[in-house]
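Everything below concerns the one structure shown next.
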Amino acid sequence: MIKSVSRVLKCLVGLAFLPAVLLGQTEQEQEWTRLIKEADDYSIGAKYDSALLLSNQVALAAEMEENYEFMTRAYFVMASVYYRIRKLDLAIDEYVKAKETARKWGNESFVVRADLGLGVVYHQFGFNALDESHPTYDTVQAVLYLDSAFKMFTMAQEYYMRNAPDNYLMLAYTATNLAGNYYARKEFIKSSVYRKEAIELYERVGEKSNAISHTYFLGSTYLQHFKLDQKNHRPYLDSAKHFLLFSHVKSLDIPLTEVARNASKDLAFVHQYLNNTDSALYYWNLSDSLLIEIYSSNYEDRVLEYRAQYETASAELEAEQQRFRALQQERNKRIVLIISIAVVIIFSIWLYIIDQKRKNIKAIAAKNEELNKQRIDELLQQQEIASLQGILEGQEQERKRVAIDLHDRLGGILSMVKLHFSAVEEKLPQDNPEKKKFLTASELLDLAAGEVRNISHNLLSGVLAKFGLVPALKDLADRINESGEIKLHLIQHNLDNALNGEQELQLYRIVQELISNILKHSEAKEATIQLIRNEDSVNLIVEDDGKGFNPNEGIKGGGIGLSNLKARVNKLNGNFHIDSGKGAGTSISIDIPIIND
């Protein structure tokens with residue numbers, strides 16, 4: 001029964017998709033129509049190689065012209081061929097392509113036909129999976145295939161009932177497929193409903209052979225339902241007997257020998273169950289004789305089919321060889337192209353490497369030149385700093401000598417002169433007119449002695465020498481604040497015994513230099529000196545709110561003040577940073593390391 005249903009489903013693939021000659025076709029389209037019709041005839045006549053060659057020829061030509069109609073029709077023919085020769089995977093591929101091109105063509109009817117064709121192929125997969133002798137036997141997978149087929153059949157039936165209710169032939173095909181699907185699931189009552197619908201539709205369009213065949217299938221369906229439960233399904237045996245006998249008589253008239261033979265075999269079972277031994281024997285003998293007739297009549301067809309299969313295999317072999325040669329030529333072209341591209345790429349890489357090397361050499365040379373220049377500048381700076389340090393040391397020695405001379409020698413002389421003036425003053429009478437001039441001279445002498453003492457203290461930083469850095473800076477700040485030119489603030493923290501005498505002297509000179517620069521150049525109203533002791537260094541920050549300057553220009557200009565500052569900081573092994581901008585004031589930060597004795 002399964003093979004018979006499968007055979008009917010197979011016929012649908014070719015019959016449902018025969019191309020129609022359309023009005024208004026171009027000469028090219030008329031030629032394609034003729035080739036499609038010829039290819040379909042070859043497929044029905046089992047000349048599968050010729051059918052594939054012609055339909056593939058039309059498909060390629062239509063693809064070049066982007067003619068989706070004839071691409072679709074050609075794919076349908078190729079799908080029917082692959083279905084007939086049981087290359088079901090290839091049949092699915094062609095139906096999928098046909099569905100895609102039908103959408104581009106804009107023909108929804110052919111999209112539905114492609115779905116119907118896919119349903120037929122899935123149905124065949126399901127039948128194969130239900131066959132215990134088949135390599136793909138798998139009842140679980142069979143249900144999945146049958147579900148997919150059922151979905152396709154239902155969609156097709158709904159489409160035709162909605163859009164083409166008078167297309168009885170396509171409605172008959174969908175009913176036939178649904179009946180077969182329920183039959184495979186052993187849901188025989190549902191199958192019989194669709195089988196009756198198919199018989200009625202086939203009779204309406206004059207498809208007498210199909211109507212008789214499906215009458216037999218209806219009787220066989222009732223018989224299978226009876227076999228499921230012979231005790232409770234007894235009425236279905238009578239229905240089976242009725243439709244089997246009707247199809248048997250009608251199939252002998254046409255004749256449909258295979259249908260008559262299957263009906264005879266099922267009638268033999270029915271009469272055997274009813275204990276009609278003579279009738280059962282009659283139908284068994286008739287079934288055997290019809291089987292012999294079928295084999296005899298089909299012998300020549302089988303020979304032709306074998307020959308067609310041989311021709312198909314030969315054609316496929318030749319086509320495969322042609323494809324191999326074409327692929328070999330294409331491969332050779334690709335190899336040549338790849339080699340050419342590789343040569344160009346390698347040459348380009350070589351040129352790029354050479355260019356990069358040249359650029360690298362230039363860059364290295366420029367960098368070396370810059371490094372050499374920096375080294376030279378550093379050496380010059382070091383020499384300049386060393387020279388400045390020597391000058392500063394000489395200045396400091398000279399200051400010390402001059403201060404000592406002023407204090408000890410000139411100060412001593414002025415002290416002696418003061419003593420003589422005091423002695424003379426005591427001897428002058430109060431009414432002496434010259435005494436007033438003498439007193440004026442004595443006051444000027446006191447003033448001169450004070451100035452000598454101040455100059456000596458400034459040269460030797462007398463307060464610094466006596467009391468240390470912080471009191472000296474406080475004294476400096478007080479004297480500057482007294483002048484009224486600028487408001488100077490001093491902030492210090494934890495600076496006791498942080499620096500030795502030489503460090504304090506140099507740091508004091510640095511502050512003097514910075515304050516001097518502020519007074520001369522900054523036009524500032526306020527300035528701040530901050531001295532803060534850190535863990536291993538002393539940080540000096542001198543800030544003002546003046547007009548500022550460009551540090552780069554100041555450093556490049558090589559001013560004496562900045563050079564002296566740099567030299568003094570280097571002498572203390574410290575470092576400094578200038579943060580300034582025009583109109584933004586100036587902040588100079590200096591770090592002096594603490595020397596632990």
Q. With every protein chain present, what is the per residue accessible area of the range 21-123 (1.4 Å probe, Å²)?
A. 45
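Measure up K37/K97; K87/K333; K367/K547; K99/K190; K47/K151; K47/K97 against 27 Å on the Cα-Cα distance and list the ones that go over.
From K37/K97; K87/K333; K367/K547; K99/K190; K47/K151; K47/K97, over 27 Å: K87/K333; K367/K547; K99/K190; K47/K151.
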Q.
For E370, what accessible surface area do you get with a 1.4 Å probe? Give it in Å², rounded to 10.
A. 100
Q | Heavy-atom accessible area order for W284, W350, W105, W32, largest first, 1.4 Å probe | A | W350, W284, W105, W32
Q) Once fully extended, how much extra length lies between V343 and S279, figured as 0.36 nm per residue of separation less the alpha-carbon to alpha-carbon distance? A) 14.2 nm
Q. In what order, largest first, do D431, D475, D89 sit by accessible area if the probe radius is 1.4 Å?
A. D431, D89, D475
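If you average 1/r across every pair of different Cα atoms in the range 471-597 and take the reciprocal, what Kirkwood value do you get, in Å? Please report the intermediate quantities before stating the final value.
Numbers: mean 1/r = 0.0669 Å⁻¹.
Its Kirkwood hydrodynamic radius stands at 14.9 Å.
Using a probe radius of 1.4 Å on heavy atoms only, what accessible surface per residue do you get for the range 146-271? Whole Å² is fine. Could you put the intermediate results ahead of the total?
Values: 5500 Å² over 126 residues.
Solvent-accessible surface per residue comes out at 44 Å².
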Q: Sort E443, E69 from largest to smallest accessible area, using a 1.4 Å probe on the heavy atoms of the protein chains.
A: E443, E69
**Q.** Loop-resident sites, the range 133-209, for trypsin sites (Lys or Arg not before Pro), counting at most 14 other Cβ within 10 Å (DSSP)
**A.** K186
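The values are calculated or read from the model by the stated rules, or taken from the named source; none is laboratory data. Remember, predicted model here, so these are calculated numbers, not experimental data. Note: ideal-geometry Cβ built from the backbone for every residue, glycine included; neighbour counts use all protein chains shown. Heavy atoms of the whole protein, side chains included, go into the accessibility calculation; ligands, DNA and RNA do not. Shrake-Rupley method; radii C 1.70, N 1.55, O 1.52, S 1.80 Å.
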